[in-house]
Amino acid sequence: MPRKAPLGLWPLRAKAAIFDFDGTLASTAHLWHEVDAAFLGKRGLPLTKEYPERLAALGFAEGARYTIEQFGLNETVEQICDEWNRMGAQLYRDSVRLRPGAQEYILALRSVGIPCALATTNDTGVLNSMRHIDVDGLFDVRVHGAEVSRGKDHPDIYLEAARRLSVNPQDCIVFEDIVPALKSAKLAGMVACGVHANDPTQDVQTAQSVADLWLDDWRDLQLPTTSDVSGALSPA
């Protein structure tokens, strides 16, 4: 039996939509696992289950500070961020695609006048390296973790996205895959839609209990035909 998308996602009841990238729109957990394993392995450190879970809600700078404190590294935040950026950009450049149905949904929202923002802790340079996804063409605005003072365990990034969209927070919906981010979106007064990620480390049960809405697959959304715009913003 096919799954059903929750009511309220199409037509969207909110006035603006804010999207996470990693896990929510693109399956990238395996890439960051590769980065984490290589980064820690180079320093003779083990990759624990808790480490990537902790980093998921933090921006690059906060994640670097956490890493330095956790392992007692004699390195600067800038050095670690630069290394992560280089490694991430190299992996993202050719391999990352949007999850099936995600681009169609964003284009459908924008086609009916609903602005869309990207809110990600990922680095600008990493996402700009992608050859198959035009982030600036797909979203009205984008906010990166480095542009706000705290990670996604606080609502700062979502509030900034709403501000840039000129929409009140209570009129926004946030699509996220991790529990701290869903909690922060709700703390900001926004509707929190949890998205089932292709990530074995995702705490699905807790995310479902926290989220206001839940989406298993972007393809579950029954959208109008968008053939006139679908794919127009994705480079070959």
- Query: Taking a temperature of 4 °C and a viscosity of 1.567 mPa s, what whole-number D in µm²/s does Stokes-Einstein yield for the range 29-95 with Rh from Kirkwood over alpha carbon pairs?
  - Reply: 107 µm²/s
- Among PRO180, ALA38, ALA56, flag the residue with its Cα farthest along the positive direction of the charge dipole of the chain, charges on Cβ as +1 for Lys/Arg and -1 for Asp/Glu. PRO180
- Return a whole-number percent for the relative contact order of the range 29-95, with Cα pairs under 8 Å and 6 or more residues apart as the contact set. 33 percent
- Query: By how many nm would the segment from SER27 to VAL204 grow when fully extended, if each residue of separation counts as 0.36 nm and the alpha-carbon distance is taken off?
  - Reply: 62.2 nm
- Among GluC sites (Glu not before Pro) in the range 28-98, those in a DSSP loop whose Cβ has at most 14 other Cβ atoms within 10 Å are GLU75
- Just rank LEU58, LEU182, fewest to most, by other beta-carbon atoms within 10 angstrom. LEU58, LEU182
- FRET efficiency for GLU83 and ARG164 from the Cβ-Cβ distance with R0 = 30 Å, rounded to 0.05, comes out at 0.50
- Message: Using only the alpha carbons of the chain, what is the convex hull's orientation-averaged projected area in square nanometres?
- Response: 12.5 nm²
- Message: I'd like the Karplus ³J(HN,Hα) series for the range 153-166: coefficients 6.51, -1.76, 1.60, θ = phi - 60°, whole numbers in Hz, and an x wherever there's a Gly or Pro.
- Response: 7, 9, x, 3, 5, 6, 5, 5, 4, 4, 4, 5, 7, 6
- Fully extended contour minus Cα-Cα distance, from LEU45 to ASN128, at 0.36 nm per residue: 26.9 nm
- Item | Average Cα contact separation per residue, the chain, under 8 Å, 6 or more apart, as relative contact order % | 28 percent
- Fewest-first ranking of LYS152, LYS186, LYS4, LYS49, using other Cβ atoms within 10 Å as the exposure measure: LYS49, LYS4, LYS186, LYS152
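Coordinate-derived values only; no laboratory data. Model, not experiment: these values are computed from the prediction. So basically every Cβ, Gly included, is an ideal-geometry build from the backbone, and we count neighbours across all protein chains shown.
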